[in-house]
Amino acid sequence: MPPILIPAGNPSEWTGPTGNNTWLLNGREPALVDAGVGHADHLAALETALAGAALVRVLVTHWHPDHVKGLPALRDRWPALVVVDAAGDPVPAGDGVLEVIPTPGHAPDHLCFYDREAGDLYCGDLARRGGTIVIPARKGGDLRAYLASLALVRDLGPRRLLPGHGPIVDDPIALIDEYVAHRQQREQQILGAILSGARTVEEIVRQVYPALPASLSDAAADSVRAHLAKLRDEGRA
């Protein structure tokens with residue numbers, strides 16, 4: 001049975017026009033990948049899709065609020081609900097099983113869930129179509145770990161990525177390669193800013209992101225911090 005997309009209904013410039021994606025796997029053991037944020041419309045859509053069945057478990061890709069805030073509402077509706085948020089044995093989901101793949105970087109606790117038989121990887125905030133992934137250095141983001149996670153997923157060779165935001169990705173390898181090339185380009189820009197005299201994160205942001213909207217300046221600064229930590233750890237800056 002194919003996964004069912006149930007948008008969380010929390011639209012923003014960060015989450016997309018319909019908000020976070022949550023993915024329902026119906027079948028013997030109904031499971032939901034990520035929890036949404038607790039909106040009544042999301043819960044109602046989930047109940048409709050379940051058609052009277054009970055939700056058995058929620059698989060959490062990571063504990064950023066937009067992915068887990070809906071857990072209390074889901075537990076109120078289905079008190080026996082099991083939450084999976086750590087690596088371990090494959091997890092029953094729908095009529096199959098999902099492998100739990102640790103993919104730290106965007107968050108230290110980030111997981112992907114892999115349906116090897118179908119080739120579907122539920123990838124949370126590892127990747128998305130139509131935007132890059134912020135590595136929030138001040139909240140545990142780690143660029144070196146993130147790049148290693150991308151390499152791990154590339155080696156898995158999934159057929160599709162079902163992300164936490166945006167549309168399904170039908171060309172995962174190409175997207176991952178774009179992400180890696182983007183990070184390499186950004187790293188060179190940051191090194192260039194340092195060589196030209198930038199000495200603070202804010203000075204680097206002004207040089208690397210000259211036309212950035214003010215609403216995105218904090219995210220850009222965190223991305224610069226993540227790159228600087230990587231360069232520091234590699235002895236390059």
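The values are calculated or read from the model by the stated rules, or taken from the named source; none is laboratory data. These numbers come from a predicted model, not from an experiment. With ideal geometry, Cβ positions are generated from the backbone for all residues, glycine too; neighbour counts draw on all protein chains shown. The accessibility values were calculated without ligands, DNA or RNA, using every heavy atom of the protein model including side chains. Shrake-Rupley method; radii C 1.70, N 1.55, O 1.52, S 1.80 Å.
Couple of notes before you dig in:
- Set TYR179, TYR146: member being farther than 17 Å from ASP233 by Cβ, of a type in the set (Ser, Thr, Tyr) and touching a residue at least 24 places away in the same chain (Cβ under 8 Å): TYR179
- Among the residues of the stretch 80-99, at least one is of a type in the set (Asp, Glu) and under 14 Å from the mean Cα position of the chain (by Cα).
- Test result for LEU161, closer than 13 Å to ALA127 by Cα, in contact (Cβ under 8 Å) with a residue 24 or more places away in the chain and not basic (Lys, Arg): yes
- Within the stretch 64-87, the set of residues being open to solvent by 50 Å² or more (accessible area, probe 1.4 Å) and either part of a loop (DSSP other than H, G, I, E, B) or among the hydroxyl-bearing types (Ser, Thr, Tyr) (or both) comprises LYS69, PRO79, ALA80, ASP85, ALA86, ALA87.
- If you check GLN184, GLN207 for being open to solvent by 40 Å² or more (accessible area, probe 1.4 Å) and either closer than 21 Å to GLY130 by Cα or in contact with a His (Cβ under 7 Å, 6 or more places away or on another chain) (or both), only one passes: GLN184.
- Within the stretch 1-32, tally of residues that are within 30 Å of LEU212 (Cβ to Cβ) and out of contact with any Leu (no Cβ under 7 Å at 6 or more places or on another chain): 14
- Among (1) assigned to a helix (DSSP H, G or I); (2) over 30 Å from ARG116 (Cβ atoms); (3) of a type in the set (A, V, I, L, M, F, W, C), the one test that LEU212 misses: (1)
- Restricting the first member to the stretch 1-17 and to residues that are within 20 Å of VAL97 (Cα to Cα), and the second to residues that are assigned to a loop (DSSP other than H, G, I, E, B), the beta-carbon pairs closer than 7 Å and six or more apart or on different chains are MET1/ASN26; MET1/GLY27; MET1/ASP95; ILE4/ASN26.
- Residue selected from the stretch 188-204 under the condition assigned to a helix (DSSP H, G or I) and open to solvent by less than 20 Å² (accessible area, probe 1.4 Å), by the criterion farthest from LEU143 (Cα to Cα): ALA193
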